[in-house]
1. Treat the count of other C-beta atoms within 10 Å as a stand-in for reagent exposure and order Y95, Y18 from fewest to most.
2. Starting from the 7 Å offset along Cα-to-Cβ, what nm value, one decimal, do you get for the label separation of R64 and S82?
3. Report the calculated FRET efficiency for I28 and V2 (r = Cβ-Cβ distance, R0 = 41 Å), to the nearest 0.05.
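We did not get these values from a lab; they are worked out from the coordinates using the rules stated. These numbers were taken from a predicted model, which means no experiment stands behind them. All Cβ positions, even for glycine, are placed from backbone atoms using ideal geometry, and neighbour counts span all protein chains on display.
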Amino acid sequence: MVLLWVAIRLTALVAAAYGLFLAAHAFIRWLPRERPSIPAEPTPVERPTGMAVDPVCQMPLLARPETRHLKHEGRTYYFCSSSCAERFSRAPHRYAKRDPGAGFPR
Ligand SMILES: [Zn+2]
């Protein structure tokens, strides 16, 4: 009787594995149809445009016309606060050279 029990258990196990395989197969078949509706990366509209880095405190911020900024050697540098802008204006070379990626060539 033990053998019969083992056989039943094995059959159940195989059936469960087969069911799992069918579910996985159905899931894989379902995936490529669903994928195109999900954007791989954020749309350009949602992506923040004109991001700049405060050269003094290294804080990322939006480079808008109303954002506090200073021009130095043809580049515009954006600041989070007036204190950062003041520190930059006192020694612009010190901060401008620290991060060559900061500022925009506008
Ligand atoms: Zn700052």
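1. Y18, Y95
2. Placing both labels 7 Å along Cα→Cβ, they lie 1.9 nm apart.
3. 0.60
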